[in-house]
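Novice: The following block contains the structure, expressed as structure tokens.
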Amino acid sequence: MAFPNVQLSKRPLHFIYICDCSGSMQANGKMQALNQAIRQSLPGMADVARQNPEARVLVRAVSFSHQARWHVAEPTPVEQLQNEWVDLQAEGLTAMGDALALVAAALRTPPMEQRALPPVLVLISDGAPTDDFEAGLQTLLREPWAQKAVRLAIAVGHDADLETLQQFIGPEPRSGATAAAAGDRLPGEPNARSGRRPLQASNATTLAQYIQWASTAVVGSASMPVSQVGSPSPQQANVPLPDLPPTVIGQVVW
Amino acid sequence: MTALLPLGTTLQLEGISGPLRLIRLLGGGGQGQVYEAEYGKERVALKWYFPGCISKDRGLDQRLRECIRATSPNPSFLWPIALLSPSVETLQQHSIPLGTFGYMMGLRPADFVGAHEHVGGHLQISLRHVLRACFFLAEAFHELHLKGLCYKDVSLGNLFLQPQTGRILICDNDNVDIDGRDLGSAVGTPGFMAPEVLLGQARPGTNSDLFSLAVLLFRLLTRHDPLKGSLELQIRCLDEPARRRLYGEDPVFIFDLLDERNRPDPIEHAAALLTWPIYPAQLQGLFQQTLGVGMREPGRRVYTGQWKTALARTLDQRRLCPACGQEVFTQADQSSLCWACGQMLPSTPRFKTVRGDVAAAADNELHRHHFDSLVSECIDHPLASIEAHPLKASVLGLKNLSSETWTAELENGESSSVHPGQRCNLNLLVRLRTSQGSIDLIR
């Protein structure tokens, strides 16, 4: 006879892509590269979700250009989204503040559950906001679930506003740090890149690696306890960020 | 995922005599990547570390070298076979990060699946095979600890199961260390880590392994976390500080004998409430000890040998509910209710040996430890197994799996030879005489 048909109760883990779809994303295939990167990352995210019996990974996406709107409005199980991802289209301005306000409304309880795992918010942009970013950010950070969220930012190309993206992430734990330069340094090396700073993706390969990292390693960290090294001192952040992947120096330059 | 090593190429590596051909990338994690490779005519696995992991874990190569020298304590470990680093020639030819290394190990067969598949409810597996997996796990840690080694970082993530047999494989043996030496950086995984280790009051060793082992056994047997009860429901955001409280600062076993603050919630923690009563009190008691008094007093945690004994006895008690067919583990000579259908269970015939008491249910087995008090429990080489008749499942027979002929004494006073590979119908049986000792059938 089979083991009784029971399983561990699951907490939701909300993963939200916040994607810049302004006109500049049309240039040099950036929009296509982002769509591809997200598509390619979904099977890996589904694997991580399956490996963690305690989490229900639910994905949504916001796109922002003239204004922000839900691209995937319903929290969708990642394994289902694999077959349903509709490509983002680029046009218009960069209403990033509006996007953060939209996310803030989703993180309010209700509709947010009483109990959950830390949400993961990934902001991806190639430019500077054209609306009231500060107001949007303040609305977002008033929400307790946004304060608990792992907030990551990926700068696409070299024209992204790194200061703004750092504001979204919050202050970097080590003092004096601003946006990190893109690079091919490996984790553990001096001045290693950190997920607590905007990640600069200067080419499609690096973008895909960062999206993959956010959707697998970070989802893993936020959803299940990970093996710890060193002294188990209280973490500075409420979710330990995994090492960034060793990147390959790009061949395709935008 | 981008492979760190050049796939499809043949590498000359220091540490083995011949070249290694990289076939494919099997996976990767925070520490490094695992490849399938060909060495001579054999398929092997190769783990290669990220530079960041090597720089953080200074004792890694020494630990691995000593592990390889110590050899595997037990076949359940996918033990490192050889420490490998790129030869000068390989470094010149390929862009392998300088200073990196890896090790070779056996390739995990495809029918071994991650234990998370079972805990996540994705696997069809019998209770017998889950209990066998638990026994093999306790046995593996028993052999490891007897060698003076400790594992340090056991969790669901490094355990694999073969659902058809309950066989296990324990991977990621690179944190294994000599107990008490602490030549390593791993402290463990929250939820599996002993509270004193999570709080930074002690470094991991055999005592903390005993805690992690109990957690892992509980999770396999119940598909639930032993510390997730009502105290977990009070946590809104389950992040690292919350986990530290739940697993370190105020850890309470959900079935603690005295402290009732963390009892399972009937809806949220239904799995625990359904599965816990399946197991006999003597097995439950070991959890209540390790996760009760042993929570704060590492010296009072149940030893691996005690787990082996209790799990082997639970397997011996296994019988099938005549009403619903489900596996039950209450004592064969006692009437009780089936945990699955609630029907009264009749008493079941059982085999008594000098040291064993095994319920006469299909697939149950007799082993050497049932006859010889000097041998430790081992379920690898059964001497006899109980089999249902292929045409009439209600007729059971005891199959002689030994290499010697046994003598069956029957109810009518006659006796009969049972040759190796033959079965003896239980309906007429009184006793079997074997060179190991007699097997009495108690009805």
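The values are calculated or read from the model by the stated rules, or taken from the named source; none is laboratory data. Note that the coordinates shown come from a computational prediction; the quantities given were computed from them, not determined experimentally. Using ideal geometry, Cβ is built from the backbone for each residue, glycine included, and neighbour counts are taken over all protein chains shown.
Novice: Of the residues B:THR100, B:THR90, B:THR71, B:THR2, which single one is touching a Leu at 6+ places or on another chain (Cβ under 6 Å) and among the hydroxyl-bearing types (Ser, Thr, Tyr)?
Specialist: B:THR90
Novice: Residues being assigned to a strand (DSSP E or B) and over 23 Å from B:ARG132 (Cβ atoms): count how many of those fall in the stretch B:381-429.
Specialist: Total meeting the criteria: 12.
Novice: Being within 11 Å of the chain's Cα centre (by Cα) and closer than 17 Å to A:GLU134 by Cβ is the filter; apply it to the stretch A:148-167 and report the residue that is nearest to the other protein chains (Cβ to nearest Cβ).
Specialist: Here the residue is A:ARG151.
Novice: Would you pick out the residues in the stretch B:210-231 that are polar (S, T, N, Q) and either more than 9 Å from chain A (Cβ to nearest Cβ) or in a loop (DSSP other than H, G, I, E, B) (or both)?
Specialist: B:SER212, B:SER230
Novice: List the number of the failed condition for A:VAL150; all other conditions in (1) in contact with a strand residue (DSSP E or B) (Cβ under 7 Å, 6 or more places away or on another chain); (2) at pLDDT below 90 hold.
Specialist: For A:VAL150, the exception is condition (2).
Novice: Take the conditions small (Gly, Ala, Ser), closer than 14 Å to B:VAL34 by Cα and surrounded by fewer than 20 Cβ atoms within 10 Å (Cβ to Cβ) and apply them to B:GLY99. Does it pass?
Specialist: Taking the combined requirement at face value, the residue does not satisfy it.
Novice: Further, regarding this structure: Mind counting the residues in the stretch B:238-271 that are out of contact with any Pro (no Cβ under 6 Å at 6 or more places or on another chain) and within 14 Å of chain A (Cβ to nearest Cβ)?
Specialist: Residues flagged as out of contact with any Pro (no Cβ under 6 Å at 6 or more places or on another chain) and within 14 Å of chain A (Cβ to nearest Cβ) within the stretch B:238-271 amount to 16.
Novice: Taking into account only those residues within the stretch A:113-151 that are touching a residue at least 60 places away in the same chain (Cβ under 8 Å) and basic (Lys, Arg), which is nearest to A:GLY92 (Cα to Cα)?
Specialist: A:LYS148
Novice: While we're on this one: Output the number of residues of the stretch B:177-209 satisfying the condition of being on the phi < 0 side of the Ramachandran plot, outside any loop (DSSP other than H, G, I, E, B) and either in contact with a strand residue (DSSP E or B) (Cβ under 8 Å, 6 or more places away or on another chain) or crowded, with 24+ Cβ neighbours inside 10 Å (or both).
Specialist: Qualifying residue count, the stretch B:177-209: 9.
Novice: Hey, can you tell me all the residues within the stretch B:101-124 that are touching a helix residue (DSSP H, G or I) at 6+ places or on another chain (Cβ under 6 Å) and farther than 18 Å from B:THR222 by Cβ?
Specialist: Matches in the stretch B:101-124: B:TYR103 only.
Novice: What tally of residues in the stretch B:288-341 results from selecting those that are outside any helix (DSSP H, G or I) and in the same structural domain as B:PHE136 (by TED's automatic domain parsing)?
Specialist: Total satisfying the criteria: 4.
Novice: Enumerate the pairs (first residue in the stretch B:305-325 and of a type in the set (Ser, Thr, Tyr) and at pLDDT 95 or above; second residue anywhere and crowded, with 18+ Cβ neighbours inside 10 Å and not in a helix (DSSP H, G or I)) with beta-carbon separation below 9 Å, excluding pairs fewer than 6 apart on the same chain, so at least 6 apart or on different chains.
Specialist: B:THR309/B:GLU377; B:THR314/B:TYR279; B:THR314/B:PHE329
Novice: I'm told A:SER65 meets every condition in (1) surrounded by fewer than 21 Cβ atoms within 10 Å (Cβ to Cβ); (2) modelled with pLDDT of 95 or more except one. Can you identify the failing condition by its number?
Specialist: (1)
Novice: Among the listed residues A:ASN191, A:ASN238, which satisfies the condition of being modelled with pLDDT under 90 and out of contact with any Gly (no Cβ under 9 Å at 6 or more places or on another chain)?
Specialist: Of the residues listed, the single one that is modelled with pLDDT under 90 and out of contact with any Gly (no Cβ under 9 Å at 6 or more places or on another chain) is A:ASN238.
Novice: Please enumerate the residues belonging to the stretch B:26-41 that are among the polar types (S, T, N, Q) and either outside any loop (DSSP other than H, G, I, E, B) or surrounded by fewer than 16 Cβ atoms within 10 Å (Cβ to Cβ) (or both).
Specialist: Across the stretch B:26-41, the qualifying residue is only B:GLN33.
Novice: Ok, one more. I need every pair where a residue in the stretch B:42-62 that is in a loop (DSSP other than H, G, I, E, B) has its Cβ under 9 Å from the Cβ of a residue that is modelled with pLDDT of 90 or more and of a type in the set (Phe, Trp, Tyr), sequence separation at least 6 or different chains.
Specialist: Note: pairs meeting the criteria are B:ASP57/B:TYR49.
Novice: Follow-up question, since we're still on this one. Touching a His at 6+ places or on another chain (Cβ under 6 Å) and of a type in the set (A, V, I, L, M, F, W, C), is that true of B:ALA323?
Specialist: Against the criterion (touching a His at 6+ places or on another chain (Cβ under 6 Å) and of a type in the set (A, V, I, L, M, F, W, C)), B:ALA323 does not qualify.
Novice: Check off (1) under 26 Å from B:HIS367 (Cα atoms); (2) touching a residue at least 24 places away in the same chain (Cβ under 8 Å) for B:GLN334 and give me the number that stays unchecked.
Specialist: Looking at each condition in turn, B:GLN334 falls short on (2).
Novice: Looking at the stretch B:331-346, which of its residues are more than 12 Å from chain A (Cβ to nearest Cβ) and in contact with a helix residue (DSSP H, G or I) (Cβ under 7 Å, 6 or more places away or on another chain)?
Specialist: Residues satisfying the conditions are B:GLN331, B:ALA332.
Novice: A follow-up question, please. Considering only residues that are touching a strand residue (DSSP E or B) at 6+ places or on another chain (Cβ under 9 Å) and within 13 Å of another protein chain (Cβ to nearest Cβ), look in the stretch A:2-36 and name the one that is surrounded by the fewest Cβ atoms within 10 Å (Cβ to Cβ).
Specialist: A:ALA2
Novice: Another question, if that's okay. Going through the stretch B:298-338 one residue at a time, which ones are touching a strand residue (DSSP E or B) at 6+ places or on another chain (Cβ under 8 Å) and of a type in the set (Val, Ile, Thr)?
Specialist: Across the stretch B:298-338, the qualifying residues are B:VAL328, B:THR330.
Novice: In the list B:LEU374, B:LEU366, which residue meets the criterion of being surrounded by 15 or more Cβ atoms within 10 Å (Cβ to Cβ) and of a type outside the set (Val, Ile, Thr)?
Specialist: B:LEU366
Novice: For B:ALA362, are the conditions met, namely being assigned to a loop (DSSP other than H, G, I, E, B) and within 14 Å of another protein chain (Cβ to nearest Cβ)?
Specialist: yes
Novice: If a residue has to be touching a Gly at 6+ places or on another chain (Cβ under 6 Å) and either more than 8 Å from chain A (Cβ to nearest Cβ) or of a type in the set (A, V, I, L, M, F, W, C) (or both) to count, how many in the stretch B:181-199 make the cut?
Specialist: 6
Novice: Can you go through B:GLU297, B:GLU327 and tell me which one is within 14 Å of chain A (Cβ to nearest Cβ) and of a type in the set (Asp, Glu)?
Specialist: Step by step, each of B:GLU297, B:GLU327 is checked, and only B:GLU327 is within 14 Å of chain A (Cβ to nearest Cβ) and of a type in the set (Asp, Glu).
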